[in-house]
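The values are calculated or read from the model by the stated rules, or taken from the named source; none is laboratory data. What you see is a predicted model; the values in this text were computed from it and never measured. Cβ: placed from backbone, ideal geometry, glycine included. Neighbour counts: every protein chain shown.
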Amino acid sequence: MMAHKRSLTTPIQEHVDRAIDDLIVSLPDPEQLVPDERRALIARYAAVLEGNFIYWMTAARLAVASDEAKAIIEDNLREEVRDNHPGMLRRFALAAHAAPTDADALAVYRNLENVRLFVAELDGRLMGYISYSPVYGSRVGWMHDLSRRQPDVPPGVMEAINKTAIDTFQAEGVRWLHFGFTPFTGLAADQQFPGYGRAFHWFMEQLFEHGAEVYPAQTQLAYKEKWAPSVVLPEYVAFQGRASIPAFVHIFRACNAL
């Protein structure tokens, strides 16, 4: 009997499938929507994708490093242009009597471009700020994004800003505040994939312990953990083939460490 070896990408695909399932479950039931809600759903979907999808895909093509990923995205781009997918979407919306109006465009673009900024001031002097970006999917909310403070600001100012933001979001009925990815932090043994790179794992551990000048992973992790997060999800680094110096450079750039 031939045994089939489990693919190393299977766990990643399972994670993606779970995320998709969670998103689908979070969507409203079409049967329970009134006609105006159905029209708004189609119109706003068209307003988002018609003018942005090719742009987003082009940005992804410019960002990826591997030749395989570039080829896949380029094939998709050729199909988008050849078959005129934006035109197909427009015709579908018109046939459904759901052509986007100015109100539809304003409703979605506020969320597409919306970033909220909370600042701390003392006697008219800016002490620090935190920006928050919208998060979609199964855990809709806001993400704790960019933060800066003056070098001489006393401890607790950033915490006070974030506490103010949390109180504001809770008053608005927001359920989730995300803290984003913390680079160079280790993974528990039960979260490691079979065949994980031991050398790379060791290198990440060394950066976490001794690489504060490269990226302050310990202080970032400590700051996030003090808020007692209810959900902590692992994120992984994958290489095409073996890890290499150029691959490390890409990771550092993605983390703003270079």
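For Glu205, the stated conditions hold: it is in contact (Cβ under 8 Å) with a residue 12 or more places away in the chain, assigned to a helix (DSSP H, G or I) and among the charged types (D, E, K, R).
Residue by residue, here is whether (1) free of Cβ contacts under 8 Å to residues at least 12 places away in the same chain; (2) assigned by TED's automatic domain parsing to the domain that holds Gly137; (3) of a type in the set (A, V, I, L, M) holds:
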site: Pro35; (1), (2), (3): yes, no, no
site: Arg39; (1), (2), (3): no, no, no
site: Arg44; (1), (2), (3): no, no, no
site: Val48; (1), (2), (3): no, no, yes
site: Phe53; (1), (2), (3): no, no, no
site: Thr58; (1), (2), (3): no, no, no
site: Leu62; (1), (2), (3): yes, no, yes
site: Val81; (1), (2), (3): no, no, yes
site: Met88; (1), (2), (3): yes, no, yes
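Against the conditions (1) assigned to a loop (DSSP other than H, G, I, E, B); (2) farther than 24 Å from Val140 by Cβ; (3) modelled with pLDDT under 90, Pro28 satisfies every one except (2).
Would it be correct to say that Phe200 is modelled with pLDDT of 80 or more, surrounded by 13 or more Cβ atoms within 10 Å (Cβ to Cβ) and part of a helix (DSSP H, G or I)?
Details: modelled with pLDDT of 80 or more: no; surrounded by 13 or more Cβ atoms within 10 Å (Cβ to Cβ): yes; part of a helix (DSSP H, G or I): yes.
No.
Is segment 157-172 home to any residue that is over 26 Å from Val249 (Cα atoms) and part of a loop (DSSP other than H, G, I, E, B)?
If we filter segment 157-172 for residues that are over 26 Å from Val249 (Cα atoms), which is where we start, we get 157-172.
This time we only want the ones that are part of a loop (DSSP other than H, G, I, E, B), so: 172.
There is at least one residue in segment 157-172 that is over 26 Å from Val249 (Cα atoms) and part of a loop (DSSP other than H, G, I, E, B).
So, restricting to helices (runs of 4 or more DSSP H) that lie completely within segment 34-140, which ones have at least 3 residues that are over 30 Å from Val232 (Cβ atoms) and of a type in the set (Val, Ile, Thr)? Reasoning before the result, please.
Values: elements: 35-50, 53-63, 67-82, 85-95, 102-113.
In segment 34-140, 67-82 are the helices (runs of 4 or more DSSP H) which contain 3 or more residues that are over 30 Å from Val232 (Cβ atoms) and of a type in the set (Val, Ile, Thr).
Summed over segment 173-195, residues that are in a loop (DSSP other than H, G, I, E, B), at pLDDT below 90, small (Gly, Ala, Ser) and exposed (fewer than 11 other Cβ atoms within 10 Å of the Cβ) total 2. In the set (1) assigned to a loop (DSSP other than H, G, I, E, B); (2) in contact (Cβ under 8 Å) with a residue 40 or more places away in the chain; (3) within 23 Å of Val119 (Cα to Cα); (4) of a type outside the set (S, T, N, Q), the condition left unmet by Val214 is number (3). Scan segment 110-124 and give yes if some residue there is at pLDDT 85 or above, in contact with a helix residue (DSSP H, G or I) (Cβ under 9 Å, 6 or more places away or on another chain), closer than 19 Å to Ala228 by Cβ and of a type outside the set (S, T, N, Q), otherwise no. No; the residues of segment 110-124 include none that is at pLDDT 85 or above, in contact with a helix residue (DSSP H, G or I) (Cβ under 9 Å, 6 or more places away or on another chain), closer than 19 Å to Ala228 by Cβ and of a type outside the set (S, T, N, Q).
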